[in-house]
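Before any comments, here is the structure.
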Amino acid sequence: MISLIGISYKTSAVEVREQFSLAKEDIIPYSELLQKETGISDLVVLSTCNRTEIYFSQDKYGFHLAAKLVYKTLKHFKGIEQKHWHSFYSYADEDAVKHLFEVASGIDSMVIGEDQIIGQIKEAYMFCTEAALTDAVLMRLFQKSFEAGKRVRTETKIKMGTTSVSGAAVQKCINLFENLSSKRVLMIGAGETGSLVLQNFHKNGNPKITVTNRTEEKASKLAGKHNCTILPFEQMASHLFLYDIVIVATGSKNPLVTREMVEESLNIRKNQKQVFIDISVPRNIENSIEELDAVQLFTIDDFNEIIQTNMEKRKDSLETAHEIISEIVDDFSEWLASRSLKPAIQAITYNLQKISKEEVSGYNKVDSEEIQMAINEFSKHLAQKYTRLFIKNLKEMTANGKKTDTLKLVNELFSISE
């Protein structure tokens, strides 16, 4: 039985999610505790900023009991006493498979169609597999999840357009300048948003970027990470004229770029075009600069409209994405069900071959070697023919292993123990 328990941004706030987060170094000790307390040893742990999910394979317990045991062991491991079961979701069999495929496809993400999650799933799977924590069922399950993620992203428009402010800001720059690599960019702010802007620039256009920030240490760290130059914050106003694009993303309560600064910059630039992008809340660029002829000013509201439009376009792809996922779920379920037929098929093959050998041994006294060979060949042929016939009927009667009651009867008929 494949099962999962999980907690995500859909079911709880970050202050609850972070309590159940499992770092890489926690996974093996947690799995050892789980095996010791429950006997469950085959699992994959997916833990990101938005979710912690534990996928496991076992046939020892019923689904609900198994889910509760995995949850209680997680609480024990993390030293959590409060009750949080209401914040968790749990699925089994096809529901668990479908959920994983939706997560891998980006359908279950906060930003529909985002790419980061598929890399996180691959990393989680590889870590647990290398640690010998996955069985054949989990291996096949996660490999099919990669297939689902790839097909949804390539066969639908679920990745259409950017869905982040940082991405939208960079896309606007690409649209405004024919050759972005020849332009100079000043990034004011060295927080998470600023870092995402630089990541997007390096993927698209790769202009010459300078970073400035009130805290020089943060600016230095960000610049080092993205191979940018640093401008001391106190020199920002006097050097503004050097840059074709100025992006501001800080938490300042007062404007950092004033009209007076921009007018002086344009004077030195001889009114050569300058683009200002303010993705701060509250705004950090004086709004009146948009009255200046050579200036283009864009604020976070301009990008929110782009993001919402792109999100709607992505939602249009969900129906096709679900169809693809259903197809792969069915494919995996067929494979999983057929695995349950293996003991019966092996028993049928073994028993018929055994009967054939025992019966043929009674004819060994026949003097003619030619007749002995003919009897042996006929016996093998008969055993193989009835083996194929039994297996064919077995698959039909059990719907390829899905009808567990019928399969149980067949197993009893051939004396197959679990």
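Determine the gain in length on full extension of the stretch HIS239-GLU192; use 0.36 nm per residue of separation and subtract their C-alpha separation, reporting nm with one decimal.
Values: separation 47, 0.36 × 47 = 16.92 nm, distance 2.40 nm.
Full extension from HIS239 to GLU192 adds 14.5 nm.
Leaving ligands and nucleic acids out of the surface, order LEU65, LEU33, LEU43, LEU382 by accessible area at 1.4 Å, largest first.
Output order, biggest surface exposure first: LEU65, LEU382, LEU33, LEU43.
Which aspartates and glutamates have a Cα lying under 18 Å from the Cα of LYS24, excluding residues fewer than 8 positions away in the same chain?
Within the straight-line cut-off, LYS24 pairs with GLU32, ASP42, GLU53, GLU123, GLU130.
Taking a 1.4 Å probe, which of LYS218, LYS36 shows the most accessible area, and what order do the others take after it?
Details: LYS218 105, LYS36 175 Å².
Result of the area sort, largest leading: LYS36, LYS218.
Roughly how many whole Å is it from the C-alpha centroid of segment 61-122 to that of segment 196-248?
Their Cα centres are 39 Å away from one another.
Tabulate in residue order the Karplus-calculated ³J(HN,Hα) for segment 197-214, using 6.51 cos²θ - 1.76 cosθ + 1.60 with θ = phi - 60°, rounded to whole Hz; enter x for Gly and Pro.
In residue order, the calculated couplings are 4, 5, 4, 5, 5, 5, 7, 9, x, 6, x, 7, 10, 10, 10, 9, 7, 4 Hz.
List every residue whose amide H lies under 5 Å from the amide H of THR299, counting only residues 5 or more places away in sequence or on a different chain, with H placed 1.01 Å from N in the peptide plane.
ASP278
For the chain, what does the helix formula give at 222 nm: sum of -39500 (n - 2.57) over DSSP H segments with n ≥ 4, over the residue count, nearest 500 deg cm²/dmol?
After summing the helix terms and dividing by residue count, I get -17500 deg cm²/dmol.
How much of the accessible area of segment 89-206, in percent, comes from carbon and sulfur atoms when a 1.4 Å probe is used?
47
Of all DSSP beta bridges in the chain, what percent run antiparallel (nearest 5)?
In the chain, approximately 45 percent of DSSP beta bridges are antiparallel ones.
Looking at LEU222, ALA168, ILE247, which one has the Cα that reaches farthest to the positive end of the dipole of segment 111-266 (charges on Cβ: Lys, Arg +1; Asp, Glu -1)?
ALA168
Over 26 Å between C-alpha atoms is what I'm after, so list which of LYS78/LYS144; LYS122/LYS157; LYS83/LYS315; LYS10/LYS83; LYS10/LYS98; LYS144/LYS172 land there.
Beyond 26 Å: LYS78/LYS144; LYS83/LYS315; LYS144/LYS172.
Which ³J(HN,Hα) values in Hz, rounded to whole numbers, follow from the phi angles of segment 252-266 under the Karplus curve 6.51 cos²θ - 1.76 cosθ + 1.60, where θ = phi - 60° and Gly and Pro get x?
Karplus-based 3J(HN,Hα) across segment 252-266 equals 5, 7, 10, x, 8, 10, 9, 4, 4, 4, 5, 4, 5, 4, 5 Hz.
List, in order, the whole-Hz ³J(HN,Hα) value for each residue of segment 24-40 obtained from phi through the Karplus relation with A = 6.51, B = -1.76, C = 1.60 and θ = phi - 60°; use x for Gly and Pro.
3, 5, 8, 5, 5, x, 5, 5, 5, 5, 4, 5, 5, 8, 10, x, 7
Under 1.5 on a/c is rounded, so check that first for segment 1-112, then, if it is not, pick prolate when a/b is larger than b/c and oblate when it is not; a ≥ b ≥ c are the square roots of the alpha carbon gyration tensor eigenvalues.
Judged from the Cα gyration tensor, segment 1-112 comes out oblate (a/c at least 1.5, b/c at or above a/b).
Among rounded, prolate and oblate, which fits the chain when a ≥ b ≥ c are the square roots of the eigenvalues of its C-alpha gyration tensor, a/c under 1.5 means rounded, and a/b larger than b/c means prolate?
It comes out prolate by the Cα gyration axes.
Looking at segment 156-262, which GluC sites (Glu not before Pro) are DSSP coil and have at most 13 other C-beta atoms within 10 Å of their C-beta?
The qualifying sites are GLU178.
Just check segment 197-244 against the gyration tensor rule for me: Cα atoms, a ≥ b ≥ c as the square roots of the eigenvalues, rounded for a/c under 1.5, and otherwise prolate or oblate depending on whether a/b exceeds b/c.
Numbers: a/c = 2.78, a/b = 1.28, b/c = 2.17.
Judged from the Cα gyration tensor, segment 197-244 comes out oblate (a/c at least 1.5, b/c at or above a/b).
Carbon and sulfur: what percent of segment 274-332's accessible surface (1.4 Å probe)?
Carbon and sulfur atoms account for 41 percent of the accessible area of segment 274-332.
Taking the solvent-accessible surface of protein heavy atoms with a 1.4 Å probe, what is the per residue accessible area of the chain in Å²?
Each residue of the chain exposes 54 Å² on average to a 1.4 Å probe.
Report LYS60's accessible area, 1.4 Å probe, all protein chains in place, as a number in Å² to the nearest 10.
That residue has around 140 Å² of solvent-accessible surface.
The values are calculated or read from the model by the stated rules, or taken from the named source; none is laboratory data. Predicted model, so just to flag it, every value in this text is computed and none were measured. Backbone-built Cβ (ideal geometry, glycine too); neighbour counts: all protein chains shown. Each accessible area value is taken on the protein alone, full model and side chains, heavy atoms only, with ligands, DNA and RNA left out. Shrake-Rupley method; radii C 1.70, N 1.55, O 1.52, S 1.80 Å.
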